[in-house]
Amino acid sequence: MRFVSTLALCLLALAAHAQGVLTFENTDHDFGKVAEGTMATYEFRFKNTGNQPIVIANAQASCGCTTPEWTKSPVLPGKSGIIKAVYNSAGRPGVFAKTVTVMSNATEASKVLSLKGTVLTKDELRATLTPAQLAASPSCCWSGPATTSGAWRPARSR
């Protein structure tokens with residue numbers, strides 16, 4: 001009886017070891033400075049370094065301003081996949097820190113990915129650009145009417 005119990009315990013240990021392992025290249029991303037109104041996008045890349053396929057069951061963002069997309073098909077051992085995170089900066093000036101929680105059948109069933117950055121308003125963005133950068137993209141920073149040449153001109157006083 002003791003032999004059967006020991007054999008069952010060994011088989012259980014082997015079965016527990018036979019799982020996929022989700023190994024990310026990195027779990028944190030800093031966007032740095034982002035212009036307000038842009039969709040800041042980053043792809044977290046991972047590899048299955050285990051010996052069984054991995055299925056990503058869900059990827060849940062910490063708020064509605066971040067949208068995750070992920071590899072839906074099983075990721076075989078040795079193969080790679082992505083978790084794409086898109087942060088909508090519209091109407092959200094200032095510092096941000098968001099997370100995406102990934103749930104899978106890997107040995108570590110839950111993994112948290114982090115995003116951070118600073119959303120700059122048009123005025124803040126204008127202050128960081130050189131004159132050459134401003135001339136190259138006037139629509140990014142001018143709130144007044146633009147002429148066909150792209151130069152901003154104030155309204156005439158009456």
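The values are calculated or read from the model by the stated rules, or taken from the named source; none is laboratory data. All figures in this text were calculated on a predicted structure; none of them were measured in a lab. Positions of Cβ are generated from backbone atoms using ideal geometry, with glycine treated the same way; all protein chains shown enter the neighbour counts.
Restricting the range 93-125 to residues that are more than 20 Å from Val21 (Cβ to Cβ) and exposed (fewer than 15 other Cβ atoms within 10 Å of the Cβ), which is nearest to the chain's Cα centre (by Cα)? If we take residues in the range 93-125 being more than 20 Å from Val21 (Cβ to Cβ) and exposed (fewer than 15 other Cβ atoms within 10 Å of the Cβ), then Ala97 is nearest to the chain's Cα centre (by Cα). Among the strands (runs of 3 or more DSSP E) confined to the range 1-117, the ones with at least 1 residues that are under 30 Å from Thr128 (Cα atoms) and at pLDDT 95 or above are located at 28-35, 39-48, 66-70, 80-88, 94-104. Only a single criterion out of (1) more than 13 Å from the chain's Cα centre (by Cα); (2) surrounded by 12 or more Cβ atoms within 10 Å (Cβ to Cβ) is not satisfied by Lys72, namely (2).
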